[in-house]
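Visitor: Before I ask anything, here is the structure I am working with.
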Amino acid sequence: MVSPPTGMAQVAHAVVERYPFENGSLTDINNASALFARYPTYRSCLRWLDEFVAAPHPDIKRPGDVCTRLRYAMQRNLVWLVTIRTQRSDRDEAVEKGLYLPALFREIFNEQTDFRSGTLLAFFPDVQPAEAAGFIDGGHRVLRMEFVRRGLMLGEFHPSSTVASVRNPDFQVMRAPAPMYAVRAMTPHDLMFLDRPETPPAERVEYLRHFLEHLGEQISPAIRDRVARSIADAESGATGRVPC
């Protein structure tokens, strides 16, 4: 007979019951080891976080860890894991399940400081290797704007990812041991991902307007001016007009 959850585990159990995710799978990293037998992906991915994501790498082409914010979150137990079961494992199911993640993120990280520093990792153990790209990458393309609209960023990770580092096109930085989405709060640093000339102009404008909506008070006047110029350039590209 399995004992009922207690303490933080009890809270996590109650939270995840309100979502179409696997009951008993939601945990912070400090308590994740209790679930390793049931969710072996948690063990391998926490090792990957510690040895790769929260560590320096020469191919990232800059000082610091691959993800400069993750070590801080790990040290403060602000990284949470959840497992999501799938049946079809296609893009539409990725979107269907992924749309619940913003609400779960905000429920877990309901204090402002925790919201800014926290990370939620959502694992999809039923997605087979051959399906991972279509499921994770395909879902991400549909979901990304909705997350940005809510002041969040959605990272797409799986073993065969071809997404490269911004500074090194030969470094596939989003490769991970298992298919997953990573959710975190948008930061000023994310302008480098949202303000991309290759993004379709209308999408670029929308990304940048949401960026200003959520972070306008946290960035300098110079950065706000840069964003305004990018919006004007993108709008002119969308309409064919030259900005004044």
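Visitor: Positive end of the dipole of segment 46-149, charges at C-beta (+1 Lys, Arg; -1 Asp, Glu), about the Cα centre: which of VAL95, PHE105, GLY139 has its Cα farthest in that direction?
Guide: Value computed over the given set: PHE105.
Visitor: Out of [x] 1, 5, 12, 15, 15, 13, 11, 10, 8, 5, 3, 1, 0, 0; [y] 1, 6, 12, 14, 13, 9, 7, 8, 8, 8, 7, 5, 2, 1, 0; [z] 1, 6, 13, 16, 19, 18, 13, 7, 4, 2, 1, 0, 0, 0, 0, which label holds the value of P(r) over Cα pairs in 5 Å bins from 0, in percent that was computed here?
Guide: [z]
Visitor: Next question, about the same structure. Can you give the FRET efficiency to the nearest 0.05 for ARG62 and TYR100, using r as the Cβ-Cβ distance and R₀ = 30 Å? Display every interim value, and only then the final one.
Guide: Numbers: r = 34 Å, r/R0 = 1.14.
Step by step, r from the Cβ atoms, then E = 0.30.
Visitor: Tally up the carbon and sulfur contribution to the accessible surface of the chain as a whole percent, 1.4 Å probe, everything protein left in place.
Guide: Values: 6510 of 12560 Å².
C and S atoms contribute 52 percent here.
Visitor: How high is the relative contact order of the chain? Use alpha-carbon pairs under 8 Å, at least six apart in sequence, and give a whole percent.
Guide: Numbers: 357 pairs, mean separation 38.0, N = 244.
For the chain, the relative contact order is 16 percent.
Visitor: Report, in deg cm²/dmol and to the nearest 500, the calculated mean residue ellipticity at 222 nm for the chain, where each DSSP H run with n ≥ 4 adds -39500 (n - 2.57) and the sum is divided by the residue count.
Guide: Details: 11 runs with 101 residues, N = 244.
The helix-only estimate for the chain comes to -12000 deg cm²/dmol at 222 nm.
Visitor: Rounded, prolate or oblate: which one fits segment 60-111, using the alpha carbon gyration tensor with axes a ≥ b ≥ c (rounded when a/c is under 1.5, else prolate when a/b beats b/c, else oblate)?
Guide: On the way: a/c = 2.89, a/b = 1.58, b/c = 1.83.
It is oblate, given that a/c is not under 1.5 and a/b is not larger than b/c.
Visitor: Where does helix 138-149 land angle-wise versus the long Cα axis of the chain, in degrees 0 to 90, nearest 10?
Guide: For 138-149 against the chain, the angle is about 70 degrees.
Visitor: Which residue, HIS57, HIS210, HIS158, tops the fluctuation ranking in a GNM of the chain built on C-alpha contacts under 10 Å?
Guide: HIS57
Visitor: Using the Cα centre of the chain as origin and beta-carbon charges of +1 (Lys, Arg) and -1 (Asp, Glu), tell me which of GLY24, PHE123, ILE231 is placed farthest towards the positive end of the dipole.
Guide: The listed residue farthest towards the positive side: ILE231.
Visitor: Once R0 is set to 35 Å, what does the formula 1/(1 + (r/R0)^6) return for the Cβ-Cβ distance between ARG76 and ALA232, expressed as a FRET efficiency to the nearest 0.05? Please report the intermediate quantities before stating the final value.
Guide: Details: r = 40 Å, r/R0 = 1.14.
That gives a FRET efficiency of 0.30.
Visitor: How big is the Cα convex hull of segment 7-123 in projection, averaged over all directions, in nm²? Before the final figure, lay out the partial values.
Guide: On the way: hull surface 33.1 nm².
Taking a quarter of the hull surface, the average projection is 8.3 nm².
Visitor: Placing unit charges on C-beta atoms (Lys and Arg positive, Asp and Glu negative, everything else neutral), compute the dipole magnitude of segment 113-235 about its Cα centre in debye, rounded to 20.
Guide: Values: 14 positive and 17 negative charges, 49 e Å.
That gives segment 113-235 a dipole magnitude of about 240 debye.
Visitor: Related question: Quick check: from the Cα gyration tensor, does segment 111-202 come out rounded (a/c under 1.5), prolate or oblate? Don't jump to the answer; show the numbers that get you there.
Guide: Working: a/c = 1.62, a/b = 1.20, b/c = 1.35.
Judged from the Cα gyration tensor, segment 111-202 comes out oblate (a/c at least 1.5, b/c at or above a/b).
Visitor: Calculate how steeply helix 221-239 sits against the longest principal axis of the alpha-carbon atoms of the chain, using the helix alpha-carbon long axis, and give the answer as 0 to 90 degrees to the nearest 10.
Guide: Tilt of helix 221-239: around 80 degrees.
Visitor: Once R0 is set to 35 Å, what does the formula 1/(1 + (r/R0)^6) return for the Cβ-Cβ distance between HIS189 and THR162, expressed as a FRET efficiency to the nearest 0.05?
Guide: Details: r = 23 Å, r/R0 = 0.65.
The calculated FRET efficiency here is 0.95.
Visitor: Treating only the Cβ atoms of Lys and Arg (+1) and Asp and Glu (-1) as charged, compute the dipole magnitude of the chain about its Cα centre; round to the nearest 20 debye. Intermediate values should be presented prior to the final figure.
Guide: Details: 29 positive and 30 negative charges, 75 e Å.
The dipole of the chain has a size of about 360 debye.
The values are calculated or read from the model by the stated rules, or taken from the named source; none is laboratory data. Predicted, not measured: the structure shown is a model, and the values here were computed from it. Please note: Cβ atoms are built from the backbone with ideal geometry, for glycine as well, and neighbour counts cover all protein chains shown. When the accessible area is computed, the model is the full protein with side chains, heavy atoms only, and any ligands, DNA or RNA have been set aside. Shrake-Rupley method; radii C 1.70, N 1.55, O 1.52, S 1.80 Å.
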